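> Sharing a structure here in structure tokens format.
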Amino acid sequence: MSTLIFDQLFLLNFSKSLLLLPYFLFAIFVAFYIPGDLILGKIKQNLPTFFERIVACFIVGFTLWAYQGVVFGYLNARYLTYAYLGLCIFLWAKNRLNIKTIQKIFKIPAICFPKNKLSYILLFIFVVGIFGQVQKFWVAGNLASDGIHIFAAAGDDALWHTALISQLARRFPPFQPGLVNEIVHNYHYWSNLVIAELVRVFHLPILQTQYQYMYLLMSLLLGGVAYTLAKKLNFSGYGVILLVYLQYFSSDILYLFTFVTARTFNFSIGALEGGVEFLENPPRAFSIVIALCGILFLKLWLQDKKLRTGIITALLFGSIIGFKAHTAIPVYIGIAILSLLLIIKREIKMLLMPILTAVLALFVYLPVNISSGKLILTPFWITRDFAVHPDLHLSTLELARQTYALHANWLQALRMDITMLFLFLLSQFGIKNVGWIPVGGIIKKLGLPLYLFLYAAMISGVILGTFFYQESGGANIFNFFLASSLLLSIPMAFLLGRLLNINVWVRILLVFLLLAVTIPRWMQRNQSFLYYFKLTSPIIDTDELRAMDFVRNNTDSEEVVLVFNEGSWDSRYPYVSAFTQRDMYLSGQWILESHNILEFKDREKVRKIILASKDVNQVKKLLKENNISILYFYGKPVFNEGLKEINLIKIFENDTTTIYRFSNDNN
């Protein structure tokens, strides 16, 4: 296909997205900023600039937005969201809306960074970093002449989140998008809930809100909270810049490893994640922003010891488990170690925050994940798998370990495992590994409680990722390493920030090193996007979009759809559910199996019987029993006697899709 830049329909829809952006800004001001500003109250005085206060208000606000969505959803009273917003607006207008406040809001210098050379560098990092993270998504979801394109390494996964958002906008708790009447379990969907609540309340379009508006907001908040945290920790100017820089440009150094082992820079080996892939996994992205904000308020709480600050800290930390468990668990281990310190110091009153965090985390976790898969002890599996990658040329380490194990030389076998773990962490965390170095002054800078919290969380993330495997989700255990990587950026920025202040020659050397180990991967990722931007085919073509539009506009909202989806994207991710706004009898089988939702297998048998059976009565019975009224086929199906004889009514047909209606009244 030709590039989208010259596609008139794409440009028209892209322009509409831009025109709708002010309304989205109004929606998040009402839904996020106002409640966040209200609950923070005088705590904002601890954040000296208006920019820092805005960042804190928005993050606390969208966390509250998720809580209200869950609480009112469980109460089956989602209409109370309007009362929540009305009360917040009333109280905010009463307490905040005066001439003095308005003057502060529109006093632009108060919003901007201090005017100095470092601030211009910081602004440049924000602009380029945000661009690198969001550019692939800002073209996603806009209709082009050949269909809808999604440019991302996890583009198919993005459709799963679209389907969940659609479900959450329609009901709470949500059905599995591919299994009507089966409640979503064993999955963290709070990031989807935040977006769905905006769609439900403000009637924003799902695709634009998901791919463009919210991803842009999250990228901005990521850098914003890193900046605010670094300032609150009293990092040097260089330390502040580094912490922000690492959120956008952090990288592995696998390509350097291949140069050492094979004399070639190989970028094809997949890294766990870099800064440019931040938004590829929305649950993790939301959880990272909240975790950084939680650390910010933890620092404030350890300083002022006020009840309000402790409650806000608990609200933030308690919610993380709803966004991403892999981020939450190391954080909770850090809080547990912090609690032990408070007990030793006999600061019993300070235990309110950890206790409230635990209560909130259980409230969030248990209803959805009480039957989730457990962790299985499989020490070093991920590092052994890493070592045997053919392009790394490190397989001799694993062969040596196996040889030592066969001869019961367990000490040498352990040495090989530790060596592989060391190389794995070095290559995946890149320059962030500097943060492991114990340096004088960091305990004084962070304070002992925050220091113990931080390092307990970092170390536990590595231990969990190294020694365990997930019963549900399998290799997703690598997300524990990403939690450690996030936290590791804090001590790394502190240490490197100190070194940059030594003299100009050290500064030049360290900046060159930093750029050399981060920018190549950033450029490669963005170059890959440009390649796909020019050559990729739509993930959903125009004909199928017309078919799904027909179902949405010409069927009853309570009708159940059975999709015969072999070989289509819908067999992996149930996007037909999202675009038709209808419940699916069976869809997205791959994602269901990966989440250990095995109830779909019985429905798979029913679907096969309906398609293959020659018994008319059997087919009728199955369709009636399962309340299936819409049969959605890819292509032009050839029926066996069973489907031929039940008088299906063809209601739509084009080159890619054929849709039939089964009516109980006519059978």
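The values are calculated or read from the model by the stated rules, or taken from the named source; none is laboratory data. Keep in mind that what you see is a predicted model, and the values were worked out from it rather than measured. With ideal geometry, Cβ positions are generated from the backbone for all residues, glycine too; neighbour counts draw on all protein chains shown. With ligands, DNA and RNA removed, areas are computed over all heavy atoms of the protein, side chains included. Shrake-Rupley method; radii C 1.70, N 1.55, O 1.52, S 1.80 Å.
> Can you show me the helix-derived [θ] at 222 nm for the chain, built from DSSP H runs with n ≥ 4 at -39,500 (n - 2.57) apiece and divided by the number of residues, rounded to the nearest 500.
Rounded to the nearest 500, it is -20000 deg cm²/dmol.
> I'd like the FRET efficiency for Ala336 and Ser663, computed as 1/(1 + (r/R0)^6) with the beta carbon distance as r and R0 of 45 Å, rounded to 0.05.
For Ala336 and Ser663, the calculated efficiency is 0.15.
> How much area per residue is accessible in the chain when the probe is 1.4 Å and only protein heavy atoms are counted (Å²)?
Per-residue value: 42 Å².
> With a point put 7 Å past each Cα toward its Cβ, work out how far His407 is from Phe422 in nm, to one decimal.
The answer from the label model is 2.1 nm.
> Which pairs, out of Lys345/Lys445; Lys44/Lys299; Lys374/Lys605; Lys44/Lys306; Lys232/Lys324; Lys94/Lys232, put more than 18 Å between their alpha-carbon atoms?
Lys345/Lys445; Lys374/Lys605; Lys232/Lys324; Lys94/Lys232
> Segment 601-667: which trypsin sites (Lys or Arg not before Pro) are DSSP loop and have at most 16 other beta-carbon atoms within 10 angstrom?
Counting only loop positions with at most 16 other Cβ atoms within 10 Å, the trypsin sites (Lys or Arg not before Pro) in segment 601-667 are Lys614.
> Which whole-number percent gives the relative contact order of segment 170-316, counting Cα pairs below 8 Å spaced six or more residues apart?
In percent, rounded to a whole number, it is 20.
> Here is a follow-up. Using a probe of 1.4 angstrom, how much of the accessible area of the chain is carbon and sulfur, in percent?
65
> Please name which of Leu399, Leu342, Leu377 has its Cα lying farthest along the dipole of the chain towards the positive end, using unit charges on Cβ (Lys, Arg +1; Asp, Glu -1) and the Cα centre as origin.
Value computed over the given set: Leu342.
> Using unit Cβ charges (K, R positive; D, E negative) and no other charged atoms, how large, in debye to the nearest 20, is the dipole of the chain about its Cα centre?
Taking the Cα centre of the chain as origin, the dipole is about 3020 debye.
> Can you return the lysines within cross-link range of Lys650? Criterion is Cα-Cα under 17 Å, with same-chain partners fewer than 8 residues away left out.
Lys620, Lys636
> Further question on the same structure: Working out 0.36 nm times the residue gap between Lys374 and Leu75, then minus their Cα-Cα distance, what length gain in nm do you get to one decimal?
Full-extension gain reported as 104.7 nm.
> Something else: Charges at C-beta only: +1 for Lys and Arg, -1 for Asp and Glu. How large is the resulting dipole of segment 389-453 about its Cα centre, in Debye rounded to 20?
380
> Can you give me the Rg/Rh ratio for the chain, using Cα atoms for both radii and the Kirkwood formula for Rh?
0.98
> For segment 319-377 and segment 395-466, what is the separation of their Cα centres, given in Å?
If you average the Cα positions of each part, the centres end up 24 Å apart.
> Still on this structure: Tell me the angle of helix 307-323 to the major Cα principal axis of the chain, expressed in degrees between 0 and 90 and rounded to the nearest ten.
Between helix and principal axis, roughly 40 degrees.
> Next question. 7 Å from Cα along Cα→Cβ at both Leu513 and Leu598: what's the point-to-point distance in nm?
Inter-label distance under the simple model: 5.1 nm.
> Can you tell me which of 158-165, 515-522 comes out highest on packing, and rank the rest after it, using the mean Cβ neighbours within 10 Å?
158-165, 515-522
> Follow-up question, since we're still on this one. Please identify the chymotrypsin sites (Phe, Trp or Tyr not before Pro) of segment 1-100 that satisfy two criteria: DSSP loop assignment and at most 11 other Cβ atoms within 10 Å. Which are they?
The qualifying sites are Tyr79.
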